[in-house]
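Novice: Sharing a structure, written as structure tokens. Questions coming.
Each reported figure results from applying straightforward, stated rules to the coordinates on display, with no laboratory input. This is a predicted model, so every value here is computed, not measured. Heads up, the Cβs are rebuilt from the backbone with ideal geometry, glycines too, and the neighbour counts pull from every protein chain shown.
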Amino acid sequence: MQPSNTFEDYTQPIRTKTAGKLSFHQIQKNMEVIVISSDAYRELVSKIDNIALAVSKASFSDQPLAERWLDVQETCMALKISKRTLQVYRDNKILPFSQIAGKIYFKAKDIQAHLENNYRPLRINNADRLR
């Protein structure tokens, strides 16, 4: 099978201005073709798939929530609060945090503990039950 592209397809004229005159230069785009056997190609694809699988297994999303560290955006989404409210929580030492190179992280188990410590169960009176 012959390639449909010619040398001219991989070069382009470039206009430059030299001493008031326009001149054209050819710049060649270097394109290299590597041919491998189908078995080698399948082996390469298999190795890439294995790497992708290993990376996805190592991601934070596979860890239990209590063992994860959350950034500011994830924490705001988990608590359904604004960044400013989260800043107030940090300033008032409501939530412990870690700061690395200007980036703030919160332990998910600390967020869960905060929610459980502030849980207020419903109390139903006997009078309310009769209605």
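Novice: What residues have an amide H closer than 5 Å to that of Ile104, excluding those fewer than 5 places away on the same chain, when H is modeled at 1.01 Å from N in the peptide plane?
Specialist: Val72
Novice: Which FRET efficiency, nearest 0.05, do Gln87 and Asn125 yield, Cβ-Cβ r, R0 41 Å?
Specialist: Efficiency for this residue pair is about 0.55.
Novice: What length, rounded to one decimal in nm, is gained on full extension from Lys47 through to Lys109, with 0.36 nm per residue of separation minus their alpha-carbon distance?
Specialist: That pair, Lys47 and Lys109, stretches by 18.7 nm at full extension.
Novice: Whose amide H sits under 5 Å from the amide H of Arg68, counting only residues 5 or more places off or on another chain, with H placed in the peptide plane?
Specialist: For Arg68, whose amide H was placed from the backbone, the distant partners under 5 Å are Ala108, Lys109.
Novice: Let me know the shape class of region 64-117, please: from the alpha-carbon gyration tensor, a ≥ b ≥ c as square roots of the eigenvalues, rounded when a/c is under 1.5, otherwise prolate if a/b is greater than b/c, or oblate.
Specialist: rounded
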